[in-house]
Amino acid sequence: MPLSCLCAPESLRSFDRPALVAGHPGHELKVFGWMSEYRPRLYLITDGGGRHGISRVPTSAALAGRHGIQRGETFGSASDSRIYHAILERDFSFFLNLVEELSSSFVEHSVDLVAGDAAEGFNPTHDLCRAIIDGAVLIAERATGRTIANYEFCLAEWEHGFTEKHDNGCAHFRLDKRLLDQKLQAAENYAELRDEVQRAVARRGKDYFRTECLHKVVQPFQQRQISGKPFYERWGEQRVAEGEYQSVIRFQQHVLPIIDAMMGHASLAAVDAASALALTS
Ligand SMILES: [Zn+2]
Ligand SMILES: [Zn+2]
């Protein structure tokens, strides 16, 4: 077996319509083993172009194509600068549209399991991606009357100040040597992320990436690792002090109101969807 499941909070083999939702293209490399085995429909929230605006969508599309992975309707059409402006301006409708688009797609494709970014306080797009997923899952579940297993994976555990947490909500997968080699090769070939990949491998060693962790979401819309000021806020303050950025994205002022808006919208939409389902059944 190229991929063995070491532990899981439930039997994962019964799910056959999985989805993978990434805030930025390239996150899928983190769960490459799971992705290549389970072939989830891949959704990308932004194009990952960063400040220079060079989209990473083509690289992720090529990677998905090589592994026979279908693309979701949401596939990086929003640029990074678009989402950053939407955050700073608290453009709720931008995020609510993403929730709606994703939930419709989950319903259309009968998605029964979703894995995506965890909210770690590292990058606001990752944290908002998590809330978009949680909202879409809630609406799709009520619209269909079926449960969608909701899992998250971390992307920042090799950064300074981040700690790993594993418990009985974890599904752990172990890659055999061949699959690990393929994963490392795919990461190396992902040109736009070469520096990040090299830094991660230098910090944790290659073998660290042999085990992949999907953690079951128990509290939707919760921020996993934020106590005090999140990393992105401190990082933004530094950039502003250096004159590189004009404004800082803040949790309380920008990110939290957007998460609250998505949570409120999803709760209301879920009630409507459940009523519509009750009328038709
Ligand atoms: Zn990212
Ligand atoms: Zn774990």
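A few comments on the model shown:
- In a reduced charge model with +1 at each Lys and Arg Cβ and -1 at each Asp and Glu Cβ, the range 31-174 shows a dipole moment near 400 debye about its Cα centre.
- Gained length - D167 relative to S4, 0.36 nm times residue gap less alpha-carbon distance: 56.9 nm
- The slack in the chain from Q246 to R199, taken as 0.36 nm per residue of separation less the alpha-carbon distance, amounts to 14.1 nm.
- Taking label positions 7 Å along the Cα-Cβ direction at both W235 and R39, the computed distance is 3.5 nm, reported to one decimal.
- Amide H contacts of L113 (H built 1.01 Å from N, in plane; Pro and chain starts excluded): R17, A19, A149 sit under 5 Å, all sequence-distant by 5 or more or on other chains.
- Straight-distance candidates among the lysines for linking to K206, with alpha-carbon spacing under 30 Å and chain neighbours fewer than 8 residues away dropped: K30, K165, K177, K183, K216.
- Neighbour-count ranking [beta-carbon atoms within 10 angstrom, fewest first] of H27, H109: H109, H27
- Rounded to the nearest 20 debye, the dipole size of the chain about its Cα centre is 660 debye, using +1 on the Cβ of Lys and Arg and -1 on the Cβ of Asp and Glu.
- Over the range 3-275, relative contact order from alpha-carbon pairs under 8 Å, at least 6 apart, %: 25
- Full-stretch length increase - E159, R82 - with 0.36 nm per residue and alpha-carbon distance subtracted: 25.1 nm
- Cα gyration tensor, the range 193-281 - rounded (a/c under 1.5), prolate or oblate: oblate
- Computed from the C-beta positions of R17 and R51 and an R0 of 35 Å, the FRET efficiency is 0.45 to the nearest 0.05.
- Amide H within-cut-off set for L155, under 5 Å, with H built and near neighbours excluded: A118
- R0 of 25 Å, Cβ-Cβ distance Q70-S104: FRET efficiency to nearest 0.05: 0.95
- Positive dipole terminus of the chain, leading residue within L63, L88, Y43 (C-beta point charges): L63
- Where labels lie 7 Å past Cα in the beta-carbon direction, separation of R174 and A274 in nm: 4.1
- Cα gyration tensor shape of the range 3-275, rounded if a/c is under 1.5, else prolate or oblate by comparing a/b with b/c: rounded
- The alpha carbon centroids of the range 201-262 and the range 97-142 are separated by 17 Å.
- Helical runs (DSSP H, four residues minimum) scored at -39500 (n - 2.57) apiece and divided by the length of the chain put the mean residue ellipticity at 222 nm at -14000 deg cm²/dmol.
- Taking other C-beta atoms within 10 angstrom as a stand-in for reagent exposure, K177, K183 fall in the order K177, K183, fewest first.
Values quoted throughout were computed directly from the atomic coordinates according to the rules given, and no laboratory measurement underlies them. Small disclaimer: the values here were computed from a predicted structure and weren't measured. Heads up, the Cβs are rebuilt from the backbone with ideal geometry, glycines too, and the neighbour counts pull from every protein chain shown.
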